[in-house]
Amino acid sequence: MTLLSLPSRTDRDLYPALMSPQLCAKYPADHKAFVRIDVSLRVYWHTLFDICPELLELSGPDGMSIFRPFMAWAGEKKLAFDWSYYLWVYVWLRESPFKDRLLADGKYLRSIMGASAARWAVLDRGRNCGLVIGCADSTDFVVGWKCRSVRFGREIELIAPEEPLPAPPDIFGYFTLPTFELDIFPGWQSLAR
Amino acid sequence: MRLGFNFTLGDTYDMVQRLIAERHIDYCEFLIDNFFCVEPDELAKAFDCPIGLHIMYSKFLEADRPTLVDFAARLRDYIDALNPIYVSDHILHFTHEERAFFHLGEVDYSREYEFVRDKVLEWQELVGQRIHFENYLSIMDGGVEAPAFFERLMKETGAGVLFDASNAVCSNRNCGTPFEAWRNVIASARHFHVAGYRNSLIEPFISLDTHAEALAPDTLAFLEDFRSVFDKPGATMTYERDDQIEFDDVVADLKLLRNLFGESEEKRHDLAISA
């Protein structure tokens, strides 16, 4: 094992690198710290591509032409990596060389919006029951519902409204639902970083 | 030793019912904050067995007080409705500089003790009862400080430890934390977790708590070596499985645990009455 000049006694010493492929590269590959960071980065990778495998059609099978530059961009913008993780990937893709292929097929957007709605339903611990996500690139919107019965899981709905809602002012907008009814439109909120 | 199974979402509802009906488990552990939109009464009626409540995302080390007050109030509704055997939570970092970890961060046991102690005291006060905190799977060498940290934490806060045996096995493999160092913690603990683990994909291998494999031989050997320290009146051990959930595989592991610990005191009592 290579001697390591960077601090690595605790997990805390590695925190910044746990979400940064660039910082990971500073650690020797035969060191436990590198493996620890690699484990963390793989979870970000799998969270993206296991849930949205369509994106691998754009990037190639290892996903790295999306993953590495996106993570670097996310680091510069200090993205929170909350439920909106996938939506920010879409925002980045729209500014990337993948833009034309991304916009040519709505399946990428549907997958990304569904993934973010599901992640909200999984992770949010506030009192709201549902989350609606809209996108300036589509009149459809996606709703994520938290688990409402002990027998069922979370539910994701793709809704094509007869009368479209106004487009969000940014690429994405969202609003939350305090009950299990989609009966309000309080206006779109912008994504927090 | 009462044996239980972790119930995290509705997908395994029928399986858990069958585990209870066939007496493979004696109680069920809800990952309770996954069910905060389900009425407490519905949860209370879901399974005909005692219940443990395990919290995943209170984030009590990081959340602001109003958020914790609200979380605790909702948790309290479930505690009152379900009268759980125990309530447990995690001592972990979920974010760094407000950016979320997807693989959670272990605390620095020597540098963060006072911070964690004060947060534990506040969190128990808000919830209104003793909470059992789970030991994490240590990877880096600072993990060897975990046993002393948890011993001191129990002593100074009145908190319990939900001792995860397979996390201790992984810590032993990853950073050499001796099993013997956990003896006092195990002796004081009444509630336990156990699960399968696997190695990292690249070398030098580290062991990861995946909840997707069968119990490993060294986990079973650890339980056997410390059996008398684990087993005590009122003790519970939750078998966790979150992926690759096949009924026969789960039952096979539960039978290994049952063979190791024998029938629970409560179950022996039930059988004596029915006989």
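The values are calculated or read from the model by the stated rules, or taken from the named source; none is laboratory data. Predicted model only: the values in this text are computed from it and were never measured. All Cβ positions, glycine included, derive from the backbone under ideal geometry; neighbour counts span all protein chains shown.
General observations
- Considering residues of the stretch A:172-193 that are away from chain B (no Cβ under 14 Å) and surrounded by fewer than 17 Cβ atoms within 10 Å (Cβ to Cβ) only, the residue nearest to A:Leu79 (Cα to Cα): A:Ser190
- Enumeration of residues in the stretch B:103-117 that are without any contact (Cβ under 8 Å) to a residue 24 or more places away in the chain, at the interface with chain A (Cβ under 10 Å from one of its Cβ atoms) and not in a strand (DSSP E or B): B:Arg111, B:Glu112
- Candidate set: the stretch B:118-139, residues that are assigned to a helix (DSSP H, G or I) and touching a strand residue (DSSP E or B) at 6+ places or on another chain (Cβ under 9 Å); chosen: the one farthest from B:Ser207 (Cα to Cα): B:Val127
- Note on the stretch A:73-142: enclosed helices (runs of 4 or more DSSP H) holding 1 or more residues that are within 14 Å of chain B (Cβ to nearest Cβ) are A:85-94, A:107-123.
- Test for B:Val87: is it among the β-branched types (Val, Ile, Thr), surrounded by fewer than 18 Cβ atoms within 10 Å (Cβ to Cβ) and either more than 10 Å from chain A (Cβ to nearest Cβ) or out of contact with any Ser or Thr (no Cβ under 9 Å at 6 or more places or on another chain) (or both): no
- Here A:Arg36 clears all of (1) over 16 Å from A:Gly75 (Cβ atoms); (2) more than 12 Å from chain B (Cβ to nearest Cβ) except the condition numbered (2).
- Failed condition for A:Leu48, given (1) surrounded by 22 or more Cβ atoms within 10 Å (Cβ to Cβ); (2) closer than 22 Å to B:Ser171 by Cα: (2)
- Residue list for the stretch B:181-219, filter: part of a loop (DSSP other than H, G, I, E, B) and closer than 22 Å to B:Tyr27 by Cβ: B:Ala189, B:Arg190, B:Ala195, B:Gly196, B:Asp209, B:His211, B:Ala214, B:Leu215
- Selected residue (only one of B:Ala63, B:Ala100, B:Ala72, B:Ala81 is modelled with pLDDT of 95 or more, assigned to a loop (DSSP other than H, G, I, E, B) and surrounded by 16 or more Cβ atoms within 10 Å (Cβ to Cβ)): B:Ala63
- Looking across the stretch A:91-138, the residues that are within 13 Å of A:Gly173 (Cβ to Cβ), of a type outside the set (D, E, K, R) and over 16 Å from the mean Cα position of the chain (by Cα) come down to A:Ala136, A:Ser138.
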